[in-house]
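Asker: Structure below; questions to follow.
The values are calculated or read from the model by the stated rules, or taken from the named source; none is laboratory data. In this text, all values refer to a predicted model and were calculated from it rather than measured experimentally. Using ideal geometry, Cβ is built from the backbone for each residue, glycine included, and neighbour counts are taken over all protein chains shown.
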């Protein structure tokens with residue numbers, strides 16, 4: 001039995017995507033024998049581009065069931081069946097991450113129709129679902145909706161099974177790691193479903209060839225070994241060992257990942273991971289006070305280092321929102337339209353956006369004081385195990401570094417914290433911005449130190 005599945009999701013970073021629609025068709029090789037189709041309330045905003053692509057609006061999912069309400073139905077419907085999807089690694093990963101949030105380890109044998117279409121129907125211009133439908137005469141009246149795409153995938157699977165007269169799918173494909181979910185490190189990472197940390201993949205020479213982080217390490221590491229794209233297959237051929245470093249704090253994992261990438265520059269991480277991010281916020285003197293520019297870093301260090309121009313705009317928009325000033329009062333004219341658009345489109349940290357069409361009033365506040373409202377702050381995050389904490393120290397409106405504590409009283413001992421501190425040094429501007437984002441997002445707790 002085949003469980004042919006398609007998901008629509010919110011997009012975003014891996015491990016942060018949430019399902020907004022699911023369709024499952026049980027297919028016995030000839031006919032659909034059962035089905036389940038539902039919108040899903042993701043408990044988070046649906047980005048505008050996803051709404052435009054799918055036609056699923058925020059209002060459409062408000063009264064829809066949340067994932068935990070349909071999880072049992074999905075488990076029962078797919079139990080004992082082969083999980084089938086077009087670009088299955090995506091759908092399988094997102095679904096497993098949703099189950100992992102519930103503490104359930106969802107595993108199925110997986111069949112991806114993309115590599116099978118490439119094998120049995122060669123020389124097509126592309127192998128996206130839309131192209132295959134056009135080339136094979138498959139009707140899909142609901143593109144980019146779970147129902148329509150899953151039905152089209154059923155028809156594609158039926159064609160592939162008919163072409164496969166030598167039973168390659170059953171005899172070879174379904175025994176591969178990408179299908180079985182079993183790989184050389186499956187046992188090692190089995191306990192890490194809800195573990196947060198950083199991991200290193202090594203080749204036979206002991207060289208680090210990939211570094212990653214996650215708050216669901218097992219799901220994240222599995223992706224490397226269950227994917228079938230060219231880069232994943234090349235990585236699988238080289239990996240000989242794996243090391244995991246638990247942190248408890250996703251923020252600390254992100255920081256350690258960044259530091260390790262700068263030092264080791266692993267071959268399989270993308271260039272944007274391996275090298276310093278080269279954009280920052282810089283003050284430009286003006287009559288009414290400094291205006292801020294988002295530009296490339298040359299020789300001088302920025303006040304904040306940001307991932308890209310969009311991240312820089314978000315910082316300035318948050319500043320305008322929190323202090324109630326016009327974007328034109330804090331940023332160079334070339335950035336003002338983007339900041340105004342951000343204020344219209346988004347609500348940062350749960351704050352209601354201003355109507356930027358009208359005048360905003362408020363006292364001008366320096367950016368560093370908006371980033372860190374107090375010159376000295378002690379911020380606490382989760383630790384590697386129960387009773388431990390990760391602590392970030394802010395001094396003179398800059399995050400200086402981090403340390404770990406095992407006793408609650410240690411988080412209030414400023415003198416000891418300073419002695420144990422691992423300092424950010426030359427990467428300070430970027431790491432400072434990472435911690436600031438986590439602080440404003442409510443992921444860090446501030447404590448009073450003595």
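Asker: Of all the residues that make up segment 99-113, how many are within 16 Å of residue 76 (Cβ to Cβ) and in contact with a strand residue (DSSP E or B) (Cβ under 7 Å, 6 or more places away or on another chain)?
Answerer: Summing the residues that are within 16 Å of residue 76 (Cβ to Cβ) and in contact with a strand residue (DSSP E or B) (Cβ under 7 Å, 6 or more places away or on another chain) in segment 99-113 gives 1.
Condition check ((1) touching a strand residue (DSSP E or B) at 6+ places or on another chain (Cβ under 6 Å); (2) crowded, with 20+ Cβ neighbours inside 10 Å) across all residues:
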| site | (1), (2) |
| --- | --- |
| 374 | no, no |
| 386 | no, no |
| 421 | yes, no |
| 433 | yes, yes |
| 444 | yes, yes |
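Asker: Residues that are over 22 Å from the mean Cα position of the chain (by Cα), at pLDDT 85 or above and crowded, with 19+ Cβ neighbours inside 10 Å, at least 1 per element: which strands (runs of 3 or more DSSP E) completely within segment 258-372 meet that?
Answerer: By residue number, 279-284, 291-296.
Asker: OK, next. How many of the residues in segment 8-47 are within 26 Å of residue 162 (Cβ to Cβ) and either outside any loop (DSSP other than H, G, I, E, B) or in contact with a strand residue (DSSP E or B) (Cβ under 8 Å, 6 or more places away or on another chain) (or both)?
Answerer: Let us first name the residues in segment 8-47 that are within 26 Å of residue 162 (Cβ to Cβ), namely 23-37.
Checking which are either outside any loop (DSSP other than H, G, I, E, B) or in contact with a strand residue (DSSP E or B) (Cβ under 8 Å, 6 or more places away or on another chain) (or both) leaves us with 23-29, 32-37.
So the count comes out to 13.
Asker: To continue, here is another question. Over 15 Å from residue 432 (Cα atoms), without any contact (Cβ under 8 Å) to a residue 12 or more places away in the chain and touching a strand residue (DSSP E or B) at 6+ places or on another chain (Cβ under 9 Å) - does that describe any residue in segment 267-280?
Answerer: Among the residues of segment 267-280, not one is over 15 Å from residue 432 (Cα atoms), without any contact (Cβ under 8 Å) to a residue 12 or more places away in the chain and touching a strand residue (DSSP E or B) at 6+ places or on another chain (Cβ under 9 Å), which makes the answer no.
Asker: Let me ask something additional. Tell me which of these residue 50 doesn't satisfy, since it passes every other one: (1) at pLDDT 95 or above; (2) part of a helix (DSSP H, G or I).
Answerer: (1)
Asker: Residues being surrounded by fewer than 19 Cβ atoms within 10 Å (Cβ to Cβ) and over 15 Å from residue 217 (Cα atoms): count how many of those fall in segment 240-257.
Answerer: 2
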